[in-house]
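Read through the structure below, which is laid out as structure tokens, and then see the notes.
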Amino acid sequence: MLRQLKTRWWKALAVVLLLYTFTAGMLIDVPARFVLHETIRNLFFHVPVWFTMILLLLVSLIYSTLYLRHGKLAYDIVAEQLAKVAVVFGVLGFLTGALWGNYTWGDTFSWLFADTKILGAFIGLLIYVAYFILRGSVPDEEKRARISSVYSIFAYILLIVFIFVIPRLTDSLHPGNGGNPAFSTYDLDNTMRLVFYPAVFAYFLTGCWIASQLIRLRILHYRKHNINI
């Protein structure tokens, strides 16, 4: 992982895809859907940041599992930093969602506890905030890494339940939940797919790029204090 982070091709790809996403996302023709209208362009920004959060947390979970299996502190470092960046993308998801909700649902924040999926995502973020509080409360490095890795497994399972399972069982304003048609069958046409999927990849690569810098800083911190990783 650490060696792969030093390569540059994927960083260049992230920049190119980001430029493509922001440019094409504003210029391409989009479906004239009732209520959404031009705000449907937020699909290229709001949804991919949530996907990125989920993917980054999945990779974080993988590295937490690797730590439990091999006991190398480097795996815990990677897991922690990926989770940090993922939470930032989650906050961006809420901000872009608030902007979108203001134009389509007529309100900015009151829908937070009115929509099942949004409430589930909010609870999921709080679970990961608790993850960092837990880490800060354990002074011993190995004990902290072990407890955090176990917590990460349950946290991710709960996140998936709150975001994907429960909203499908109850009413939700979001597409694909509570009986509403999904974007893939209602709003996301072939032209939009040419921007949407690269956007997801672009944000994910950007998240990995940010995390890689945090990982390097953390490794330097451990080396400065002569901690074996």
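So the values come out like this:
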read-out: Label-point separation, LEU99 to ILE227 (7 Å along Cα→Cβ), nm; value: 3.7 nm
read-out: Greater than 29 Å apart at Cα, pairs in LYS72/LYS117; LYS117/LYS143; LYS84/LYS143; value: LYS72/LYS117; LYS117/LYS143
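Every number here is computed from the coordinates shown, using simple stated rules; none is lab data. Quick caveat: nothing in here was measured; it's all calculated off a predicted structure. Cβ: placed from backbone, ideal geometry, glycine included. Neighbour counts: every protein chain shown.
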